[in-house]
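The values are calculated or read from the model by the stated rules, or taken from the named source; none is laboratory data. Note that the coordinates shown come from a computational prediction; the quantities given were computed from them, not determined experimentally. So basically every Cβ, Gly included, is an ideal-geometry build from the backbone, and we count neighbours across all protein chains shown.
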Amino acid sequence: MFGEQLPQLDESDEGTLVTLTIGGNDLLSAFANRPRASLLEAIARDVADAYEFLLDAVRRARPSSLILLSTIYDPSDRLGRIPGVLEDAGKLPLEVLDGMNDRIRRLAAGTPNAALADVYAHFLGHGASVPEEERWYWRRSLIEPNAMGAHEIRRVWRDVLDEEEVRG
């Protein structure tokens, strides 16, 4: 994200809607390597710091923007296992995901012109814990949303926008 896309964000005072949905693949990649706990904590801290850096950079480039900070979903539905994905990694350290989502929630609460899009909470119960036809994840890779999942992410964003409009 930083190396290629961020410099393409021109500075502007124009009202802009920005959605941030980042960090999930970074955490899953770290989980796949099964690092020792201290290294995993450092990686998670780096991902969270990078998220905050990106948020600050977007706010500087687009000061009149509304930024929706999306939490990271858990395809395992709190089971700690994602069928067909990371099966060799053992039970996933969900406390790391929880920590990242907590940080996203704090950033949303403490950042002007930012709002929380709690995709994590909305997606619980639509992953590995339910039959395939009820999942919001792509059948071939349960870490990616399927068409219904993409629609539901849009729904979360739309609900947040509606709430912001009422407050506004």
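Taking the numbered list (1) at pLDDT below 90; (2) at negative phi in turn, G90 passes all entries but (2). Across the stretch 8-36, which residue is surrounded by the most Cβ atoms within 10 Å (Cβ to Cβ) among those that are modelled with pLDDT of 85 or more and over 18 Å from I104 (Cα atoms)? Selected residue: T16. Restricting the search to the stretch 67-95, which residues are of a type in the set (V, I, T) and closer than 22 Å to R106 by Cα? Scanning the stretch 67-95 gives I67, T71, I72. The number of residues in the stretch 158-168 that are of a type in the set (K, R) and touching a residue at least 24 places away in the same chain (Cβ under 8 Å) comes to 0. Of the residues V96, V156, the single one that is closer than 29 Å to P7 by Cα and in contact with a helix residue (DSSP H, G or I) (Cβ under 6 Å, 6 or more places away or on another chain) is V156.
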